[in-house]
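**Q** Okay, handing you the structure first.
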Amino acid sequence: MSTTPRWLNADERRAWLAYVDFSTLLGDYLNRQLRRDAGMTHADYSLLAHLSSAPDGALGMSELAQRLKITRSRLTHAVNRLREIGLVDRREDPADGRGQLAVLTDEGIALLERAAPGHVEAVRRAVFDALTPEQVRQFAEIGEAISEALHRAESAETDPAVLPWRRR
């Protein structure tokens, strides 16, 4: 059974292409800023930031993978790499004997505290300084609406293992 595609109209195409362009540019910009100023990638910064916002700086590996929207295998590689340089540690999860926790170390906290001011300034310069207060409100509402739609679509999946952060 063939259905006609619901092609994007001119305004939708313009919005989509603008999103693709700015998301690519923004990711590259933030990665370069963090590499230059803190010697880390944006992905590593995000991992450390998620741990820093958790109680005791620790999260279960599965939960952390879900928050970061990455595979558990990719998270394991990242945590092991960050562990080798002393930024995170791993320990058994007392609530789940089979699970492991990723734990932010004192060195990880210190690096995050040094990196955060420059990173926030880069985000402000690249995103919020370019927007009016009304656009910031709209940007938040748009992001929330899209996230909610994606969560609904995710919940409708018949096989949750198709989600990258649920794969091993």
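Quick note: the coordinates plus some simple rules give every number you see, no bench work behind them. Just so it is clear, the model here is predicted, and its values are computed rather than measured. Quick reminder, even Gly has a Cβ in these numbers, built from the backbone with ideal geometry, and neighbours come from all protein chains shown.
**Q** What order do you get for Met40, Met61 when you list them from fewest to most C-beta neighbours inside 10 Å?
**A** With the fewest neighbours first, Met40, Met61 line up as Met61, Met40.
**Q** Turning to a different aspect of this structure: Would you mind checking the stretch 30-73 for residues with the amide N under 16 Å from a putative spin-label position 7 Å along Cα→C-beta of Asp106?
**A** In the stretch 30-73, the label zone of Asp106 (backbone N under 16 Å from the point 7 Å along Cα→Cβ) covers 57.
**Q** Also, quick follow-up: Let me know the shape class of the stretch 4-145, please: from the alpha-carbon gyration tensor, a ≥ b ≥ c as square roots of the eigenvalues, rounded when a/c is under 1.5, otherwise prolate if a/b is greater than b/c, or oblate.
**A** Because a/c hits 1.5 or more and a/b exceeds b/c, the stretch 4-145 counts as prolate.
**Q** What is the stretch 62-162 by shape, rounded, prolate or oblate, if you read a ≥ b ≥ c off the alpha carbon gyration tensor as root eigenvalues and call it rounded for a/c under 1.5, prolate for a/b larger than b/c, and oblate otherwise?
**A** oblate
**Q** Then there's this: What is the calculated FRET efficiency for Trp7 to Asp96, with r their C-beta to C-beta distance and R₀ = 45 Å, to the nearest 0.05?
**A** That gives a FRET efficiency of 0.40.
**Q** Right, here's the next one. Mind giving me the nanometre distance, one decimal, between the label points for Thr76 and Asp28, set 7 Å out from Cα along Cα→Cβ?
**A** 3.4
**Q** Using +1 on the beta carbon of Lys and Arg, -1 on that of Asp and Glu, and nothing else charged, what's the dipole of the chain about the Cα centre, debye to 20?
**A** Charge dipole of the chain: 540 debye, to the nearest 20.
**Q** Using Cα pairs under 8 angstrom and six or more residues apart, how large is the relative contact order of the chain, in percent?
**A** Computed over the chain, the figure is 24 percent.
**Q** Give the calculated FRET efficiency between Arg14 and Glu113 to the nearest 0.05, with a Förster radius of 35 Å applied to their Cβ-Cβ distance. The partial results should precede the final answer.
**A** Numbers: r = 40 Å, r/R0 = 1.15.
In this case the efficiency is close to 0.30.
**Q** Given an 8 Å cut-off on Cα distances and at least 6 residues of separation, report the relative contact order of the stretch 56-150 as a percent.
**A** Computed value for the stretch 56-150: 22 percent relative contact order.
**Q** With a bin width of 5 angstrom, please list the P(r) values of the stretch 58-121 as percents of all Cα-Cα pairs, from the 0 bin to the one holding the largest distance.
**A** 4, 18, 23, 24, 20, 8, 3, 1, 0
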